[in-house]
1. With r as the distance between the Cβ atoms of Asp369 and His301 and R0 = 22 Å, compute the FRET efficiency 1/(1 + (r/R0)^6) and round to 0.05.
2. Quick one: if you stick a label point 7 Å off each Cα along the C-beta vector at Lys220 and Val293, how many nm between them?
3. Whose amide H sits under 5 Å from the amide H of Glu289, counting only residues 5 or more places off or on another chain, with H placed in the peptide plane?
4. In the chain, if every C-alpha pair distance is counted and binned at 20 Å from zero, what percent goes to each bin?
5. Take the solvent-accessible surface of the protein heavy atoms, probe 1.4 Å, and return the percent of it on region 254-388 that carbon and sulfur atoms account for.
6. Which whole-number percentage describes the relative contact order of region 1-137, with Cα contacts under 8 Å and a sequence gap of 6 or more?
7. Roughly how many Å is it from the Cα centre of region 319-347 to that of region 95-160, as a whole number?
8. So how do Met86, Met230, Met261 rank on accessible area, 1.4 Å probe, biggest first, that is with the largest at the start?
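The values are calculated or read from the model by the stated rules, or taken from the named source; none is laboratory data. No experiment lies behind these values; they were computed from the predicted model shown. Neighbour counts run over all protein chains shown; Cβ positions are idealised from the backbone, glycine included. The accessibility values were calculated without ligands, DNA or RNA, using every heavy atom of the protein model including side chains. Shrake-Rupley method; radii C 1.70, N 1.55, O 1.52, S 1.80 Å.
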Amino acid sequence: MIHRAYKVELKPTSEQIQIIERTMGVCRYVYNLFIATNRDKFRNGTAGYMTGYDFSKWLNHEYKSANPDKLWIWEVSSKAVKKAIMNADTAYKNFLKGRAGFPKFKRRNGRPVSMYLPRNNAGDLKTERHRAKIPTLDWVRFKEFGYVPTERQALSVTITKRAGRYFAAFVFETAQAETVRAEKTSGIGIDLGVKSFAVISDGRNFRNINHTCRMRKLTKKLKHEQRKFMRKIRHRKENATKKCKRSNLDKQRLKVQRAYMRLSNKRHDYINKTVHEIVRTQPEYITIEDLNVSGMMKNRHLSRAIAEGEFYYFRALLERKCRERGIQLRLADRFYASSKTCSICGHVKRDLKLSERVYECPECGAVIDRDYNAAINLMNCKKFATAG
């Protein structure tokens, strides 16, 4: 049995929105309290740290009795608060083990913490075509119909907020899907880039959606909304003694978030369709480069284009689709000279510049597109690691 999540947008009532906002606010406060408590212990040189379980006991006994003005913490779902504590505990453990930096505090106007609600009773998390019964919220309507399974109950639900919209991810326990055993074709190589998003060794070329007119208009709109937002912030700082309407600042912040979310959704939708087009031919294997995206981001001339490419999202989605369809996903070494090697004779052109978009082999005289040449070399790569 495996766990599969189904994410859907909610259409809550005003009363349900108040409950969600109150619960997320308490989760944010408890998350920050856990980080601050362990930060003070770390700075004071105290041995060890307060784990999530110890912090939960301390919160319910010592902190509750010492702070009678904070009783609103216990007015929301205890399961959601406990999940926020354990998330903070995981973030702090990653810091202690050197896997991540010191956990950051959750801001009020930043991305809020999620609201986790498990199935407590037999009638909880019952889903229908257009609504679901969620603990503490009762029946909540969906904005999308027919996507969430209705024949069985979910194990848990996680409610998040993004750009003023509420989303719920229902987790269901499903049987392990059988690997698709369709007739496979020969293997392919994929070269990711900035000019073209993906070039396939079989001749297919997927354009970079960020270069389209529509995406440029959306990017321009995002910049425009960001400038208006920064002007409002400057005006608020310059007139700190005067009473300024905070609602206008919040409205403009919401416009910026919606513009950014629209850009992100379009990029992810394009990547989803690209991956589907690649795996539906059922190749025997797929070879991609093990790109060092964090190192590539240090190039100030290409960092923005690389960030907009969403290479990590592409790789994560491709890994999952290959696992479901029984396709072997190969990772070529990041130092493999796929672009500098001639796919016909094997000659390596060490002085190849990034501006040369056409590969001209000085050995055999072959003239071929640079990205297409790299894709063929990736397909024929003999030294690789297997993903997943």
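1. My answer for the efficiency is 0.50.
2. Placing both labels 7 Å beyond Cα along the Cβ direction yields 2.9 nm.
3. The list, which skips near neighbours in sequence, is Leu192, Ala332.
4. All Cα pairs, binned at 20 Å, distribute as 20, 48, 28, 4, 0 percent.
5. Roughly 50 percent of what the probe reaches on region 254-388 is carbon or sulfur.
6. Across region 1-137, relative contact order equals 31 percent.
7. 38
8. Result, largest first: Met230, Met86, Met261.
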